[in-house]
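The numbers here are math on the coordinates, done by the rules we state, and not lab data. Worth saying up front: this structure is predicted, and the values here are computed from it rather than measured. Here the Cβ positions follow ideal geometry from the backbone for every residue, glycine too, while neighbour counts run over all protein chains shown.
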Amino acid sequence: MSSFIFTLTNRSLILFFMLFMVLFTCRNTKAEILIDGTYISASGKQIVLELNISSRRPVNLIVEQFLDPGNFILTTSPGAKKRTSGKIKWLFRNISDRRLSISIRLRSPLKGTISAIIRYRDPDSGQFIESQVIP
């Protein structure tokens, strides 16, 4: 009987230790934010979104700019990959700079609100990261 209790206690300790190790190793799995976005200009006829990129650059970066459909876009710099009513999309590959500036020129002053979404994969963990930029 005592050997049964001793075996049960050992199993409990081993199980507790394994659970502790799993929780301990998983606690730092949250990916670090590698790209931070700030609006330099978010009114008038010019929208400028500046992205600060850490030294651990992702391979690809997707930026989506949202604005009210009533705004007419004259130009974007760099050139947008896709433009639809109310949304502009860029795809950047093999980013080399630590700072990236996106500029949008409108026909008339900005109407309504704007926001952007930045999407990329963490180069170390492979985790997909999405962050929103609001002026």
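What to note about this one:
- Phi-based couplings in Hz for segment 69-81 (Karplus 6.51, -1.76, 1.60; Gly and Pro marked x): x, x, 8, 9, 8, 7, 9, 10, 9, x, x, 6, 6
- 5 angstrom amide H check on ILE129, placed H, neighbours 5+ away: TYR120, ARG121, ASP122
- Within segment 32-135, the chymotrypsin sites (Phe, Trp or Tyr not before Pro) that combine a DSSP coil assignment with at most 15 other C-beta atoms in a 10 angstrom radius are PHE72.
- Footprinting exposure proxy for ARG121, ARG105, ARG93 (fewest neighbouring C-beta atoms within 10 Å first): ARG93, ARG105, ARG121
- Residues THR76, THR84, THR38, sorted so that the one with the fewest Cβ neighbours within 10 Å comes first: THR84, THR38, THR76
- Spin-label model, ARG98 to ILE117: label points 7 Å out along the Cα-to-beta-carbon direction sit 3.0 nm apart.
- Karplus-derived 3J(HN,Hα), 6.51/-1.76/1.60, for each residue of segment 44-53, Hz, glycine and proline x: x, 9, 10, 10, 10, 10, 10, 10, 9, 10
- For segment 35-133: rounded, prolate or oblate by the Cα gyration tensor [a/c cutoff 1.5]: prolate
- Per-residue HN-Hα couplings for segment 127-132 [Karplus 6.51, -1.76, 1.60; θ = phi - 60°; Hz; x = Gly/Pro]: 6, 7, 10, 9, 9, 9
- Two-site FRET efficiency, SER43 against SER125, from Cβ-Cβ distance with R₀ of 35 Å, rounded to 0.05: 0.40
- Aspartates and glutamates with Cα under 17 Å of LYS82, excluding same-chain neighbours fewer than 8 positions away: GLU64, ASP68
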